[in-house]
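Peer 1: Pasting a structure here, questions to come.
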Amino acid sequence: MKQQKQSEAADSVLIRRLYYFFHPYRWWAVFAIVLTLSAAFLGTVRPKLTQVAVDDHIAIGDIDGLLWIVILLALALIGEFFILILNTYITRWFGQGVLFSLRNAVFEKIQSLHVQFFDKNPIGRLITRTTNDIEALSQLLSDGVVSMIGDLFRIFFILYFMLVMSWELTIIAILVLPILFYATFWFKSKVRVAFLEVRDQIARLNSFVQEHINGMMIVQLFNREKKQKEKFESINAEHRHAHIKTIFYFSIFWPIVEVLASIAMALVVWYGGARALMDQVTFGVLLAFIQYVRQFFNPIRGLSEKYNTLQSALASSERIFDVLDTKNEVYESDSPKTLEKVEGRIDFENVVFSYNKGEEIIINDISFTAKPGELLAIVGATGAGKSTIINLLLRYYDINEGTIYLDGVDIKELSLEDLRKNFGLVLQDNALFSGTIHQNITLGNPEITREQVIKAAKEVEAHNFIKKLPGSYDYVLSERGASLSMGQRQLICFVRAMVYDPKILILDEATSSVDSETEELVSRACQRMMKGRTSIVIAHRLSTIQGADNILVMHKGKIRETGNHKDLIEKDGGIYRKLYELQYKDQAVITSTATN
């Protein structure tokens with residue numbers, strides 16, 4: 001009982017929260033409810049008119065009176081027909097409006113969340129939230145609530161007309177209701193859990209499919225198709241099993257309703273027929289009651305179907321609000337400072353960071369300075385914490401201890417927009433989106449002109465290959481830019497960084513995935529981009545950072561060595577020297593390189 005009350009309380013909270021998105025359309029909903037009540041009344045008044053026709057006109061041979069009743073029946077039928085058409089359109093219209101607002105809210109929330117949220121939540125699950133889960137609300141928001149109200153009033157009108165004609169027959173007709181109520185409560189307790197499980201299994205399916213489509217080349221390379229098919233079949237079987245549970249409960253509930261309706265009909269025919277033979281009930285009343293009993297259980301069936309819709313929608317809305325309620329771990333200051341003119345000085349002071357409290361420290365007591373216009377390089381083995389420094393500087397994550405400054409201002413005191421607009425970032429594997437090359441470079445910024453894009457492309461030597469493509473800058477890329485080579489994708493990302501004219505440029509393994517010829521092209525682009533800007537370069541290839549003003553050598557989350565290339569290479573037993581020896585052991589001797 002306690003668990004049921006908690007579930008009902010949770011449902012009421014979810015419904016109130018959904019009303020926030022429903023609120024702008026509330027008067028349209030009121031109008032739809034009025035139409036629904038009108039249709040419910042016109043639908044239930046027809047058996048009453050039939051009773052009047054039989055008892056008051058047919059029984060005495062009143063042809064003129066019967067004609068008027070027939071006209072009223074026709075008008076009731078036509079009126080119900082047109083009201084239902086208008087009502088269906090209105091409810092579908094404002095339902096789609098609510099879904100539109102809800103999708104926007106979920107997508108906006110997902111975009112605002114910290115990067116760590118995406119580390120913990122599979123892409124497929126988030127896709128489910130913004131597509132399947134919201135779509136599950138469609139039927140409820142489109143006409144579910146309004147139809148439920150209509151069904152309730154239809155039951156009320158039927159009971160009213162039945163009581164007016166014969167309270168005894170009414171009691172006989174509703175004798176089966178206690179059994180129906182018990183069956184309904186049993187059904188409610190079972191189907192909610194089943195629908196939650198169905199939504200979970202859909203999310204698992206989406207996550208698995210998304211992940212394996214992205215990694216299809218690896219799956220095929222290692223001949224793992226059969227194994228992955230078995231895994232998919234297992235997840236798919238659990239999804240089917242969850243659906244079968246809901247089918248099982250409905251396969252029991254609906255026949256119960258049907259049988260109870262038949263029993264109620266039989267009781268009315270038995271008792272009412274006997275009363276009619278004794279002239280205690282008119283044949284018109286008996287005929288009307290038979291129609292009303294048939295009508296009475298139709299809205300009950302409708303309510304059970306709408307309850308199915310409601311449970312599915314509440315299960316989905318619970319998952320949607322889980323996303324909307326996710327707290328962003330990267331907070332902006334309530335009164336952020338503004339940097340009028342950014343010079344590009346970066347200071348890390350005693351910075352400590354771990355992804356979760358109590359877990360392994362990734363960055364431990366890091367301090368360094370990058371002066372305006374300086375080229376700072378960061379090297380170290382995989383897992384040393386190089387890319388983490390960039391993530392902390394851009395506030396994708398917040399540090400545990402210490403302070404990070406931009407031009408002497410704590411980056412936590414700046415708005416995220418004001419902070420990040422000063423940076424240009426080129427990664428090893430950059431994101432390209434479906435759309436034209438121009439759109440990928442500007443990211444839809446209308447202030448960036450085509451001339452600026454072409455100028456930036458020429459500066460990083462990307463213009464030549466772009467103009468050879470069909471449509472040039474209007475060439476439409478396939479998903480993730482798969483129609484271009486790795487080097488071409490990288491150059492487009494350089495143009496994107498260049499066209500925004502950042503004060504600070506960050507290159508994270510920007511040349512590690514390209515061939516030697518493209519690397520030379522990209523390296524020249526890097527040199528042009530870094531000129532006059534504070535630049536931070538993370539590189540495995542030490543040849544690309546020999547001209548750096550300062551090099552940070554990281555190992556296990558700490559800075560172990562600092563200095564320029566010449567100083568570090570001359571340090572016997574140093575980490576940088578060992579890295580250099582590993583990369584250039586087959587080339588010229590280190591000592592001669594150092595001397596030169």
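Peer 1: Kindly indicate which of Ile256, Ile235, Ile290, Ile244 is among the aliphatic types (A, V, I, L, M), loosely packed, with under 14 Cβ neighbours inside 10 Å and at negative phi.
Peer 2: That would be Ile244, the only listed residue that is among the aliphatic types (A, V, I, L, M), loosely packed, with under 14 Cβ neighbours inside 10 Å and at negative phi.
Peer 1: Among the numbered criteria (1) without any contact (Cβ under 8 Å) to a residue 12 or more places away in the chain; (2) not in a helix (DSSP H, G or I), which single criterion is violated by Glu349?
Peer 2: All conditions are met except number (1).
Peer 1: Another question, if that's okay. Can you report the number of residues in segment 176-208 which are more than 20 Å from Arg319 (Cα to Cα) and not polar (S, T, N, Q)?
Peer 2: 11
Peer 1: What number of residues in segment 276-305 are of a type in the set (S, T, N, Q) and within 27 Å of Trp254 (Cα to Cα)?
Peer 2: 4
Peer 1: I'd like to check something: does segment 59-82 contain any residue that is touching a residue at least 40 places away in the same chain (Cβ under 8 Å) and in contact with a Gly (Cβ under 6 Å, 6 or more places away or on another chain)?
Peer 2: yes
Peer 1: Out of (1) assigned to a loop (DSSP other than H, G, I, E, B); (2) without any contact (Cβ under 8 Å) to a residue 60 or more places away in the chain; (3) over 33 Å from the mean Cα position of the chain (by Cα), the odd one out for Ile399 is which?
Peer 2: Checking Ile399 against (1) assigned to a loop (DSSP other than H, G, I, E, B); (2) without any contact (Cβ under 8 Å) to a residue 60 or more places away in the chain; (3) over 33 Å from the mean Cα position of the chain (by Cα), the one that fails is (3).
Peer 1: Let me spell it out: the conditions are (1) at pLDDT below 80; (2) among the small types (Gly, Ala, Ser); (3) assigned to a strand (DSSP E or B), and Ser513 meets all of them except one. Which number is the exception?
Peer 2: Of (1) at pLDDT below 80; (2) among the small types (Gly, Ala, Ser); (3) assigned to a strand (DSSP E or B), only one is false for Ser513: (3).
Peer 1: Moving on. Among what's in segment 582-596 and is surrounded by fewer than 12 Cβ atoms within 10 Å (Cβ to Cβ) and within 54 Å of the chain's Cα centre (by Cα), pick the residue that is modelled with the highest pLDDT.
Peer 2: Going through the qualifying residues, I end up with Leu582.
Peer 1: Then there's this: Among the residues that make up segment 270-280, is at least one of them out of contact with any Phe, Trp or Tyr (no Cβ under 8 Å at 6 or more places or on another chain), touching a residue at least 40 places away in the same chain (Cβ under 8 Å) and either within 30 Å of Met530 (Cα to Cα) or among the hydroxyl-bearing types (Ser, Thr, Tyr) (or both)?
Peer 2: Within segment 270-280 (the criterion being out of contact with any Phe, Trp or Tyr (no Cβ under 8 Å at 6 or more places or on another chain), touching a residue at least 40 places away in the same chain (Cβ under 8 Å) and either within 30 Å of Met530 (Cα to Cα) or among the hydroxyl-bearing types (Ser, Thr, Tyr) (or both)), the answer is yes, since at least one residue qualifies.
Peer 1: Further question: Which pairs have Cβ atoms under 6 Å, sit 6 or more apart or on different chains, and link a residue in segment 222-236 that is under 14 Å from Glu211 (Cβ atoms) to one that is charged (D, E, K, R) and surrounded by 10 or more Cβ atoms within 10 Å (Cβ to Cβ)?
Peer 2: Ile235/Arg204
Peer 1: Have a look at Leu72, Leu42 and point out the one that is surrounded by 18 or more Cβ atoms within 10 Å (Cβ to Cβ), at pLDDT 85 or above and of a type in the set (A, V, I, L, M).
Peer 2: Sole residue among the options that is surrounded by 18 or more Cβ atoms within 10 Å (Cβ to Cβ), at pLDDT 85 or above and of a type in the set (A, V, I, L, M): Leu42.
Peer 1: So is Thr130 among the hydroxyl-bearing types (Ser, Thr, Tyr) and in contact (Cβ under 8 Å) with a residue 60 or more places away in the chain or not?
Peer 2: no
Peer 1: For segment 534-555, what are the residues that are of a type in the set (D, E, K, R) and at pLDDT 85 or above?
Peer 2: If the condition is that a residue be of a type in the set (D, E, K, R) and at pLDDT 85 or above, then Asp549 is the only one that fits.
Peer 1: I would also like to ask the following. For segment 47-73, which positions are in a helix (DSSP H, G or I) and of a type in the set (D, E, K, R)?
Peer 2: If the condition is that a residue be in a helix (DSSP H, G or I) and of a type in the set (D, E, K, R), then Lys48, Asp55, Asp56, Asp64 are the ones that fit.
Peer 1: Inspect segment 117-124 for any residue being in the same structural domain as Tyr25 (by TED's automatic domain parsing) and buried (at least 21 other Cβ atoms within 10 Å of the Cβ) and give the result as yes or no.
Peer 2: No: zero hits.
Peer 1: If only one of Phe368, Phe321 is part of a strand (DSSP E or B) and of a type in the set (A, V, I, L, M, F, W, C), which one is it?
Peer 2: Residue meeting the stated conditions: Phe368.
The values are calculated or read from the model by the stated rules, or taken from the named source; none is laboratory data. Keep in mind that this is a model prediction, so the values were computed, not measured. Counting neighbours? That spans all protein chains shown, and the Cβs are built from the backbone with ideal geometry, glycine included.
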